[in-house]
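Asker: Can you keep this structure in mind? I'll have questions shortly.
The values are calculated or read from the model by the stated rules, or taken from the named source; none is laboratory data. Predicted, not measured: the structure shown is a model, and the values here were computed from it. No Cβ is skipped: glycine too gets one built from the backbone with ideal geometry, and neighbour counts run over all protein chains shown.
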Protein chains: 2
Amino acid sequence: MRSIHQDFKVHFTYNIHFTEGLFSLQNPLLVDTLKQSESPGPYKVLFVVDSGVADTHPQLLQDIAAYTTHYADAIRSLAEPVIITGGEECKNNTAYLNKLLQAVNNYGVCRHSYLIAIGGGALLDLAGFAAAIAHRGIRHIRIPTTVLSQNDSGVGVKNSINSFDKKNFLGTFAPPFAVLNDSHFLLTLDDRDWRAGISEAVKVALIKDEAFYQEIKNNAGRLAKRDMAAMQDLIFRCAEMHVEHIGGGDPFEMGSSRPLDFGHWAAHKLEQLTNYKVRHGEAVAIGIALDVTYSKLIGMLSEQECEDVLQVLTDLGFDLFIPELADGLNSADNRLSILKGLTEFREHLGGQLTIMLLSKIGKGVEVHQIEEELVTHAVQQLKQRQYAKSLSGIH
Amino acid sequence: MRSIHQDFKVHFTYNIHFTEGLFSLQNPLLVDTLKQSESPGPYKVLFVVDSGVADTHPQLLQDIAAYTTHYADAIRSLAEPVIITGGEECKNNTAYLNKLLQAVNNYGVCRHSYLIAIGGGALLDLAGFAAAIAHRGIRHIRIPTTVLSQNDSGVGVKNSINSFDKKNFLGTFAPPFAVLNDSHFLLTLDDRDWRAGISEAVKVALIKDEAFYQEIKNNAGRLAKRDMAAMQDLIFRCAEMHVEHIGGGDPFEMGSSRPLDFGHWAAHKLEQLTNYKVRHGEAVAIGIALDVTYSKLIGMLSEQECEDVLQVLTDLGFDLFIPELADGLNSADNRLSILKGLTEFREHLGGQLTIMLLSKIGKGVEVHQIEEELVTHAVQQLKQRQYAKSLSGIH
């Protein structure tokens, strides 16, 4: 039998820059980023803007127009920015994907043009997916505007939309051309969005870096009160850890493990159960609380460390129980609805069920089996804790 | 300004095996391929079958069922094979993509399961795209059933569907898990499909390997008369050259050049102008004839070598002119419709227009400009040649 063996490596590289006032005329970062291309300018760009960001930054579109005019020798804007409804809605409805692809077609965005997306994690997921599949991949620059997207989803190599009622059912691994984090966008976040992104930092600290966890713990009060310097430090270190993890491991997840998914199996299902009313980061905080409590119940984590984590999450302002977490307990089979998330999580990742738990703060451990009864137990403990907290709030 | 630098390489490897009678119970190739997975079996598989192949091989579905039953310890078939209309139709209508994605969802195909597609290039392009975006990529085994897909499209790293009336507008770069070429499938091809795939071998020989061109030239008569041994040799060498080109160059085409696209700028447009009635390989033969004639007209290629190529293509049984090639000549602007293909070709690839021409047999040369008038001239020469040939056919 004749055979041919194919073997190659593909080199990916990109920078994540942290700046303030990206579209200030004095800020050359975006232009310098475009100039990293091997071909001569002017570079064709199409901006995609999250409707939520456009609403809270009424002068953003004018700023972009002024910036591209000022740097006209380097930037050629192919059309007015495309405004897309932000939040999970844009990932749930394929009309938004089609709108983006249509824009790519109508305005002649080619493989060497840049699709520059400005928005939260959901919008960036959608825009990244459109950029990844149009012409088999056009260049994509991400400008994340939320804590979550600046420290986690926006700095990685994934994109996605939801399908068949399943989060991220469709997507690819496609590194961006660059990521530009502008902390000015954080100023206008509402408190929920400001807070939500912190849970991904807690997550990565818990499984990988005790010192970072202690820093978050020490800064919990400042972070809850929207101290920008504390937040900038948190975002930088969290992004750095994500970037290291991706580059140092299995960037396109061709093997079996995804150790940064701590607290995520329940989180994904909770988002769906609440019809995406709970933010991803809020769901992750609950997912962490659940998996930390479960780690304690199986005797893997000390009671003291478990309590420490729950208290830090509470100090940051997170609710650690919502009614949907207990969904299914009073149904016919008395089985938690979130447990269905375990099956979906395994199917999405493929292969054996792999769940990250905690053996101590700073050290994650993978397990391949989950005791449903103890998950139920953990849910009940979180419910009681929330009840006690609400009582103390009344007094 | 703080920055984080991401830098990593992703390693891709796969085999292309050549066999006969893939689903014969004595043939362990498919099972051995699945066992290359790092996880233990049985391996979950979902077969996708080109309706055209199912029609011409009425026992195929039974053979597959018998094979999976025989090797039940290694293969777990998740469902009956999904039958999808073959040919360009399956890339033009997103209903087929949705049908495949729905199957992935319904049958619980996960990232470690295998989507095994059996069919021609179009079906493989579609199935590869579905596999690439479902769960951000499920494993994909290709079983190409045509000359074209066995020696070219099926052995590479691309997938796609058509959109906005543009060929391959949507797609990704996603290496398959394996490619299994079974020459038995070639026995039932009609003469057009048998012949069509040969043009890709002529293409790659012309720009890279004079010896291979001479071999094709010497075998032209045998190939036209469906000599299987000659065809197997041609397919192997052509596949080998494509695999070398992809692995040795820029597999995901992140740079500017795609030198294996010789003869393709007009071919893609011709396919669209004929509403895909002309096969891709037939269009490529015409595209090669056009670019060879153009190379002669600009003084790059000798008249003798040009004629040699046109004669080999004719000996292989290709028509080198169809009315759509001259489309637009009698319109208001007297401009060839295929010339619009130049713009689309550039947009699809991005950056500067880059067209491969021929300086001598075995040596392609890239140019960045095309003289429209000389293209028109070349079209007229091909038209006259076809006319002379039809006259000589009458005598």
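Asker: Which ones in the range A:135-163 are under 28 Å from residue B:349 (Cα atoms) and within 11 Å of chain B (Cβ to nearest Cβ)?
Answerer: Within the range A:135-163, A:135, A:136, A:137, A:138, A:139, A:155, A:156, A:157, A:158, A:159, A:160, A:161 qualify.
Asker: Please state which of the following conditions residue B:176 fails to meet, knowing it meets all the rest: (1) within 14 Å of chain A (Cβ to nearest Cβ); (2) buried (at least 24 other Cβ atoms within 10 Å of the Cβ); (3) within 25 Å of residue B:277 (Cα to Cα).
Answerer: (3)
Residue-by-condition table, conditions (1) crowded, with 24+ Cβ neighbours inside 10 Å; (2) touching a helix residue (DSSP H, G or I) at 6+ places or on another chain (Cβ under 7 Å); (3) in contact (Cβ under 8 Å) with a residue 40 or more places away in the chain; (4) closer than 27 Å to residue B:169 by Cα:
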| residue | (1), (2), (3), (4) |
| --- | --- |
| A:121 | yes, yes, yes, yes |
| A:142 | yes, yes, no, yes |
| A:150 | yes, yes, yes, no |
| A:183 | no, yes, yes, no |
| A:205 | yes, yes, yes, no |
| A:219 | no, yes, no, no |
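Asker: Could you grab me the full set of residues in the range A:5-29 that are in contact with an Asp or Glu (Cβ under 7 Å, 6 or more places away or on another chain) and at the interface with another protein chain (Cβ under 7 Å from one of its Cβ atoms)?
Answerer: Within the range A:5-29, A:13, A:19 meet the criteria.
Asker: Can you tell me how many residues within the range B:346-373 are modelled with pLDDT of 85 or more and either away from chain A (no Cβ under 14 Å) or not in a loop (DSSP other than H, G, I, E, B) (or both)? First the steps, then the outcome.
Answerer: Narrowing the range B:346-373 to residues modelled with pLDDT of 85 or more: B:353-373.
With either away from chain A (no Cβ under 14 Å) or not in a loop (DSSP other than H, G, I, E, B) (or both) added as a condition, the list becomes B:355-367, B:369-373.
Residues flagged as modelled with pLDDT of 85 or more and either away from chain A (no Cβ under 14 Å) or not in a loop (DSSP other than H, G, I, E, B) (or both) within the range B:346-373 amount to 18.
Asker: Take the residues in the range A:95-138 that are over 20 Å from the mean Cα position of the chain (by Cα) and assigned to a strand (DSSP E or B); name whichever of them is nearest to residue B:160 (Cα to Cα). Working first, answer last.
Answerer: Narrowing the range A:95-138 to residues over 20 Å from the mean Cα position of the chain (by Cα): A:95, A:98-114, A:133-138.
With the extra rule that they be assigned to a strand (DSSP E or B), the set shrinks to A:114, A:134.
Details: A:114: 21, A:134: 10 Å.
Step by step, filter the range A:95-138, then rank; the result is A:134.
Asker: Still on this structure, please answer the following. Considering B:55, B:32, B:50, which residue is under 28 Å from the mean Cα position of the chain (by Cα), away from chain A (no Cβ under 14 Å), acidic (Asp, Glu) and within 30 Å of residue B:244 (Cα to Cα)? Steps first, answer last, please.
Answerer: Working: B:55 fails: within 30 Å of residue B:244 (Cα to Cα); B:32 fails: away from chain A (no Cβ under 14 Å).
Residue meeting the stated conditions: B:50.
Asker: Pairs, please: C-beta under 9 Å, at least 6 apart or cross-chain, first residue within 14 Å of another protein chain (Cβ to nearest Cβ) and over 16 Å from residue A:197 (Cβ atoms) and in the range A:254-267, second part of a helix (DSSP H, G or I) and at pLDDT below 75?
Answerer: So the pair list comes out as A:256/A:349; A:257/A:349; A:258/A:349; A:261/A:349.
Asker: Does the range A:155-169 hold any residues that are of a type in the set (Ser, Thr, Tyr) and assigned to a strand (DSSP E or B), and which are they? Let's see the steps before the verdict.
Answerer: Within the range A:155-169, the subset of a type in the set (Ser, Thr, Tyr) is A:160, A:163.
Passing the criteria: only A:163.
Asker: Given the conditions (1) in contact with a strand residue (DSSP E or B) (Cβ under 7 Å, 6 or more places away or on another chain); (2) more than 13 Å from residue A:143 (Cβ to Cβ); (3) more than 9 Å from chain B (Cβ to nearest Cβ), report the number of the one that residue A:70 does not fulfil.
Answerer: Among (1) in contact with a strand residue (DSSP E or B) (Cβ under 7 Å, 6 or more places away or on another chain); (2) more than 13 Å from residue A:143 (Cβ to Cβ); (3) more than 9 Å from chain B (Cβ to nearest Cβ), residue A:70 violates only (1).
Asker: Also: Considering only the range B:229-240, how many residues are surrounded by fewer than 24 Cβ atoms within 10 Å (Cβ to Cβ) and within 14 Å of chain A (Cβ to nearest Cβ)? Walk me through how you get there before you give the answer.
Answerer: So the first thing to find is which residues in the range B:229-240 are surrounded by fewer than 24 Cβ atoms within 10 Å (Cβ to Cβ), and the list is B:229-233, B:236-237, B:240.
Adding the requirement that they be within 14 Å of chain A (Cβ to nearest Cβ) leaves B:229, B:231-233, B:236-237, B:240.
So the answer is 7.
Asker: Would the range A:243-250 turn up any residue that is part of a helix (DSSP H, G or I) and touching a helix residue (DSSP H, G or I) at 6+ places or on another chain (Cβ under 8 Å)? Talk me through it step by step, then tell me what you get.
Answerer: Pass one, the range A:243-250, residues part of a helix (DSSP H, G or I): A:243-248.
Next, only the ones that are touching a helix residue (DSSP H, G or I) at 6+ places or on another chain (Cβ under 8 Å) stay: A:243, A:245.
Checked the range A:243-250: at least one residue is part of a helix (DSSP H, G or I) and touching a helix residue (DSSP H, G or I) at 6+ places or on another chain (Cβ under 8 Å).
Asker: Looking only at residues in the range B:340-361 that are more than 19 Å from residue B:376 (Cβ to Cβ) and among the β-branched types (Val, Ile, Thr), which one is surrounded by the most Cβ atoms within 10 Å (Cβ to Cβ)?
Answerer: Checking each candidate, the answer is B:361.
Asker: Give just the number: which of (1) under 26 Å from residue A:42 (Cα atoms); (2) modelled with pLDDT under 95; (3) not basic (Lys, Arg) does residue A:127 not satisfy?
Answerer: (2)
Asker: Collect the residues in the range B:25-58 that are of a type outside the set (A, V, I, L, M), without any contact (Cβ under 8 Å) to a residue 40 or more places away in the chain and under 27 Å from residue B:87 (Cβ atoms), keeping them in residue-number order.
Answerer: Passing the criteria: B:51, B:55, B:58.
Asker: Considering the range A:318-375 alone, what residues qualify as being out of contact with any Lys or Arg (no Cβ under 7 Å at 6 or more places or on another chain) and free of Cβ contacts under 8 Å to residues at least 12 places away in the same chain?
Answerer: A:323, A:330, A:331, A:332, A:333, A:334, A:343, A:346, A:347, A:373
Asker: Could you tell me whether residue B:166 is away from chain A (no Cβ under 14 Å), within 26 Å of residue B:348 (Cβ to Cβ) and surrounded by fewer than 24 Cβ atoms within 10 Å (Cβ to Cβ)?
Answerer: Numbers: away from chain A (no Cβ under 14 Å): no; within 26 Å of residue B:348 (Cβ to Cβ): yes; surrounded by fewer than 24 Cβ atoms within 10 Å (Cβ to Cβ): yes.
Criteria not met by residue B:166.
Asker: Applying the selection to the range A:98-119, what residues are of a type in the set (A, V, I, L, M), within 10 Å of chain B (Cβ to nearest Cβ) and either crowded, with 23+ Cβ neighbours inside 10 Å or touching a residue at least 40 places away in the same chain (Cβ under 8 Å) (or both)?
Answerer: Kept after step one, since they are of a type in the set (A, V, I, L, M), are these residues of the range A:98-119: A:100-101, A:103-104, A:109, A:115-118.
Applying the additional criterion that residues be within 10 Å of chain B (Cβ to nearest Cβ) yields A:101, A:104, A:109.
Residues satisfying the conditions are A:104, A:109.
Asker: In the set A:376, A:343, which member is modelled with pLDDT of 95 or more and part of a helix (DSSP H, G or I)?
Answerer: After ruling out the rest, the residue left standing is A:376.
Asker: Now, a different point. Show me the helices (runs of 4 or more DSSP H) found entirely inside the range B:256-333 where at least 3 residues are modelled with pLDDT of 95 or more and under 19 Å from residue B:149 (Cβ atoms).
Answerer: Values: elements: B:264-273, B:280-297, B:303-315.
So the answer is B:280-297.
Asker: Moving on. Looking at this structure, is residue A:79 out of contact with any Ser or Thr (no Cβ under 8 Å at 6 or more places or on another chain), small (Gly, Ala, Ser) and more than 14 Å from every other protein chain (Cβ to nearest Cβ)?
Answerer: Numbers: out of contact with any Ser or Thr (no Cβ under 8 Å at 6 or more places or on another chain): yes; small (Gly, Ala, Ser): yes; more than 14 Å from every other protein chain (Cβ to nearest Cβ): yes.
Taking the combined requirement at face value, the residue satisfies it.
Asker: So residue B:234 fits all but one of (1) in contact (Cβ under 8 Å) with a residue 40 or more places away in the chain; (2) closer than 30 Å to residue B:11 by Cβ; what number is the exception?
Answerer: All conditions are met except number (2).
Asker: Could you look through the range B:282-317, keep only residues that are touching a residue at least 60 places away in the same chain (Cβ under 8 Å) and in contact with a Ser or Thr (Cβ under 7 Å, 6 or more places away or on another chain), and pick out the one that is surrounded by the most Cβ atoms within 10 Å (Cβ to Cβ)?
Answerer: B:284
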